[in-house]
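Reading through the structure tokens given below for one structure.
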Amino acid sequence: MNGNSGNNGNLERRYRRVMRLLPGYYREQWEEDMITAFLDGWLTGDPETDEYITTEAWPGWAEVTSVIGLAARLYLGGAGTPRRYFAWGQAVRRAVLAAVLVHAVLGLGVLVQTAWNRRLFGLPPPPAILWAASPGGVWFTVFYVVNAVWIMIFLALVLGHYRTARILAVLAVVPGLVASVQAQLTGSMPAPFASWAFWVPLTLVPVLALAAFHRDSPPAARWPWLLALPPGYVLVYGTLLALQATGNVAWVPDFPGQCCLLVALACLAHAPRAWSRRAAGSGAWSLALALLAAVTAVYRIASLTAYPNDPHLIAVGLAELLILGTAVTLVAPDAARAQAATPSPPPAPHPIAA
């Protein structure tokens, strides 16, 4: 193909620039075949028409989009990709599952509290100190639906229904986006939705990272993830309800602080495996925790802008960041080793057909 670059003119050079989005190992093997296939789709056999096409035409949006999608699948590698890409793919997939698990726990909490308040399924009324109003209105109805959808997204991911999970995730992020845009335009955030500081790192980023779940990616360990949902709910809401029942609700950090502490606890729990060179697969988890810590730190820093006149809350937030940073240093060396130490499964069929 290189010898024909003069004949194919600008169009081939433009396709080669698009090919730079792909990892180097893949370009070395498949770039010429892909460019040949793309150019053959343009050429008509008429010399004058082909000369005009190769001079003036540009790669189509569908072709560019397909290359971007292929690049995402390769960089967030699955079976058959080099170890570095496979390690990043595994780390992103586990981090996304953990983030979606948090959404599912929040969704379960909202649904349980609503059922308790309204005495559904024969539940007794909650104690007065634990009772929380369940307001009505369109925005609250949408909020309840979105929380239920996040539980469905989590189940779809764990069970391997990736397309369903992506479709539901796109639907789940839209109400938060609409609420944030409305708040930007009117200065009033529709309750109970949160601000950009929550929506971007904790909602939009995980949804975009669903690109790591593709047909070449290894399936998640179903039962450990499924069994994590009930304990996650008890850990978060059991602690909050206990503190609320004892009248010590002031001890409860805000949600960004809770996220910092949860990720820090996860790092501490994983540290013994990270220190043991014999623990198989620990590197991918260490890298996943480092990713979660980075996203959580961005969320905590962004949320501090809501307390410009409260030095105490800012100091608390900085202390939470310090705890998070200290905890993640325990797994950072293992995360750094993960790119060279994580084995890759056997190669998948020809990736160019994806």
- Out of region 134-146, which residues are touching a Ser or Thr at 6+ places or on another chain (Cβ under 9 Å) and either open to solvent by 50 Å² or more (accessible area, probe 1.4 Å) or part of a helix (DSSP H, G or I) (or both)? 140, 144
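Condition check ((1) over 25 Å from residue 206 (Cβ atoms); (2) not acidic (Asp, Glu)) across all residues:
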| residue | (1), (2) |
| --- | --- |
| 40 | yes, no |
| 50 | yes, no |
| 57 | yes, yes |
| 77 | no, yes |
| 80 | yes, yes |
| 93 | no, yes |
| 97 | no, yes |
- Considering only residues that are in a helix (DSSP H, G or I) and open to solvent by 70 Å² or more (accessible area, probe 1.4 Å), look in region 28-43 and name the one that is nearest to residue 9 (Cα to Cα). 40
- Scope region 194-205; condition at pLDDT 90 or above, more than 20 Å from residue 144 (Cα to Cα) and open to solvent by less than 40 Å² (accessible area, probe 1.4 Å); matching residues: 201
- Taking residue 43 and the conditions (1) without any contact (Cβ under 8 Å) to a residue 24 or more places away in the chain; (2) within 28 Å of residue 84 (Cβ to Cβ), which numbered condition does it fall short on, given that it satisfies the others? (2)
- Query: Out of all the residues in region 191-235, which are of a type outside the set (A, V, I, L, M, F, W, C), touching a residue at least 12 places away in the same chain (Cβ under 8 Å) and farther than 20 Å from residue 302 by Cβ?
  - Reply: 214, 215, 216, 217, 218, 219, 222, 232, 233
- When both residues are 6+ apart or on different chains and their Cβ atoms are under 6 Å apart, which pairs have a first residue that lies in region 158-181 and is closer than 14 Å to residue 96 by Cβ, and a second that is charged (D, E, K, R) and open to solvent by 70 Å² or more (accessible area, probe 1.4 Å)? 158/222
- Query: In region 49-66, what count of residues is obtained for those that are loosely packed, with under 13 Cβ neighbours inside 10 Å, touching a helix residue (DSSP H, G or I) at 6+ places or on another chain (Cβ under 7 Å) and of a type in the set (Ser, Thr, Tyr)?
  - Reply: 1
- Verdict on residue 259 being assigned to a helix (DSSP H, G or I) and closer than 27 Å to residue 164 by Cβ: yes
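Conditions tested, residue by residue: (1) in contact with a strand residue (DSSP E or B) (Cβ under 9 Å, 6 or more places away or on another chain); (2) surrounded by 18 or more Cβ atoms within 10 Å (Cβ to Cβ); (3) more than 16 Å from residue 262 (Cβ to Cβ); (4) modelled with pLDDT of 95 or more.
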site: 90; (1), (2), (3), (4): no, yes, yes, no
site: 98; (1), (2), (3), (4): no, yes, no, yes
site: 106; (1), (2), (3), (4): no, yes, no, no
site: 118; (1), (2), (3), (4): no, no, yes, no
- Message: I need a count of the residues in region 81-115 that are among the polar types (S, T, N, Q) and touching a residue at least 40 places away in the same chain (Cβ under 8 Å).
- Response: 2
- Task: State all residues of region 219-275 that are within 22 Å of residue 321 (Cβ to Cβ), open to solvent by 70 Å² or more (accessible area, probe 1.4 Å) and modelled with pLDDT of 90 or more; if no residue qualifies, say none.
- Result: 265, 268, 269
- Query: Within region 285-312, restricting attention to residues that are farther than 18 Å from residue 268 by Cα and without any contact (Cβ under 8 Å) to a residue 12 or more places away in the chain, which residue is surrounded by the most Cβ atoms within 10 Å (Cβ to Cβ)?
  - Reply: 307
- Note on the structure: Of (1) farther than 22 Å from residue 215 by Cα; (2) modelled with pLDDT of 90 or more, residue 60 satisfies every one except (2)
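The values are calculated or read from the model by the stated rules, or taken from the named source; none is laboratory data. Because the structure is a prediction, the values reported are computed rather than measured. As a convention, Cβ positions derive from the backbone with ideal geometry for all residues, glycine included, and neighbour counts pool all protein chains shown. Only protein heavy atoms, including side chains, enter the accessible area calculation; ligands, DNA and RNA are left aside. Shrake-Rupley method; radii C 1.70, N 1.55, O 1.52, S 1.80 Å.
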